[in-house]
Amino acid sequence: MIEQQQLYDVAIVGAGFGGSLLALCLHKLGVRVVLFDTGHHPRFAIGESSTPIADMLLKNLAKRYDLPELEPLCQFGSWVKTHPDICCGLKRGFSYFFHQSHQPFTTDTLHRNELLVAASANDEHADTHWLRADVDLFFVNLVQAAGVPYFDQTQLCIHSNTDLLWELNATRLQKRTRCCANFIIDASGGGRFLQHQLNIPEHHYNFQTNSRSIFAHFADVQPWTEFLTEQGISTNDYPFNCDAAALHQVIDEGWMWQLRFRNEITSCGFTLNRHKVVSDESLPAEEEWQTILKQYPSLKKQFAQSRIVGPATGLQKTGRLQRLCSQVVGTDWAMLPNTAGFVDPLHSTGIAHTLSGVSRLAEILSCSQTEIPLLLQDYQHSIWDEFRLIDTLVAGCYQAISPDRFRAWTMLYFAAATTSEARRLENPVESSRSFLLAHDRLFQHLVANLLPAHHQHLTDEEYAKLLAKNLHPYNHVGLCDPTANNMYRYTVANKSS
């Protein structure tokens, strides 16, 4: 399996797209790297919705580390032309539909129960949903083609030896061996390898968001546009097909995501607000899923013919999603963001945040040994700030008590995203040091003070005006426009720059 006491510069644990991509980047820098994983590919995974920031990050990584085979994945048109065998989905933006319990979905000509926010001008330059089984396999195949040692189905235990190296004791297919590494990167995500191995406690940070999910991949989910047409609801004002998006069905208990892939599979999941939902969390996933669908007749109809196609074990059900490590780096180890913590899938931040972590850790490890410790500490504090910001942006949506307040609050996320995109184009080096606007203290202050829970005394109209006024320095794309009637046609920076 591995030569006895083989020495590597960096060992990476976790072969999702993040760990594999980081292995490729380090290999291009001449680093001796090895990649481990407890499972094998292809495999079911969620965290599937890309964004313009993710596309920018991936494109920059492809150029910086001479990985041209990744550039076609940066937008939908080039992806399907170059890699039709790697399944993805068309994502033109974000769409939201607001439901009332035990009532069919309705709206009006002002789209009071809808919100569509475009993230691209056309399908060719659109973002994508990543069918992770295909995408993760593609990345790990690139790792192997590059000659990077990769070992799947491997159980690891680690400890520091007298030479101040990490000793990795590996068991693969009942064969035991060991190797050494100067540095370990944990890319295991929810597996949290280093947190368990090093007994790292959870951060004392008190998340405002408190949610859990039930999810699977489905076939034969009726397209929402088809349902709306059957109900006589016009989509003529829509800036894009609302199914070609991260589609959100917002319900009293939380929300449902729907991400459509080109192979006719749809990733769907309910994310439930545990502050509101007092149901028995020990209920089987299927029973709870059906109970929620029955409360929303339009969703029940949409899923009437659906069937679960993945994972093989059926619907997956989580406990509380929120987590954050009290330590993200050490003198000779570090975690990618999705290993260090997680908030909620609401704003599709996962892929971009992971790519941001890959970019930063690759840069840090290319620096001199004297610079690395301080840079790692800066990285750790940035990760904590980023999760605090994501938490606040998500929590505000759960606090919203009406569609109007929900829509108004989401403008903060879209302002953060579009401002970040513009800044990345203007100054890629400076903006790459943090994710979204987590380094912008003025924006952090605005977000903390504008939470819906702090302004319940205001009417919906007054609250929307308050947000629009405060967001003015960050609103470069026409957000908070009452004349748009909740249909925003193009809000993204030019990704082709």
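The values are calculated or read from the model by the stated rules, or taken from the named source; none is laboratory data. Keep in mind the model is a prediction, meaning the values are calculated, not measured. For neighbour counting, all protein chains shown are included, and Cβ atoms are generated from backbone atoms with ideal geometry for every residue, glycine included. Note: areas computed on protein heavy atoms with side chains; ligands, DNA, RNA excluded. Shrake-Rupley method; radii C 1.70, N 1.55, O 1.52, S 1.80 Å.
Brief remarks follow.
- If the condition is being of a type in the set (F, W, Y), out of contact with any Asp or Glu (no Cβ under 7 Å at 6 or more places or on another chain) and assigned to a strand (DSSP E or B), then segment 128-156 contributes Y150, F151.
- Test result for T225, open to solvent by 20 Å² or more (accessible area, probe 1.4 Å) and either outside any helix (DSSP H, G or I) or in contact with an Asp or Glu (Cβ under 7 Å, 6 or more places away or on another chain) (or both): yes
Every residue, every condition in (1) touching a helix residue (DSSP H, G or I) at 6+ places or on another chain (Cβ under 6 Å); (2) modelled with pLDDT under 95; (3) of a type in the set (K, R), yes or no:
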| site | (1), (2), (3) |
| --- | --- |
| V13 | yes, no, no |
| L29 | no, no, no |
| R32 | no, no, yes |
| H40 | no, no, no |
| A54 | yes, no, no |
| E69 | no, no, no |
| F76 | no, no, no |
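- Selected residue (only one of R423, R360, R441, R433 is of a type in the set (K, R), out of contact with any Lys or Arg (no Cβ under 6 Å at 6 or more places or on another chain) and surrounded by 23 or more Cβ atoms within 10 Å (Cβ to Cβ)): R360
- Condition check for T271: open to solvent by 40 Å² or more (accessible area, probe 1.4 Å) and more than 30 Å from T370 (Cα to Cα): no
- Reported count of residues in segment 239-256, each being closer than 27 Å to Q75 by Cα, open to solvent by 20 Å² or more (accessible area, probe 1.4 Å) and in contact with a Leu (Cβ under 7 Å, 6 or more places away or on another chain), is 1.
- Being open to solvent by 60 Å² or more (accessible area, probe 1.4 Å), touching a residue at least 40 places away in the same chain (Cβ under 8 Å), more than 22 Å from the chain's Cα centre (by Cα) and more than 13 Å from C268 (Cβ to Cβ) is a property that K294 lacks.
- The set of residues in segment 393-420 that are of a type in the set (V, I, T) and surrounded by fewer than 20 Cβ atoms within 10 Å (Cβ to Cβ) contains only I401.
- Matching option when the condition is closer than 16 Å to F261 by Cα and touching a residue at least 24 places away in the same chain (Cβ under 8 Å), among L67, L90: L90
- V328 closer than 24 Å to G191 by Cα and open to solvent by less than 50 Å² (accessible area, probe 1.4 Å): yes
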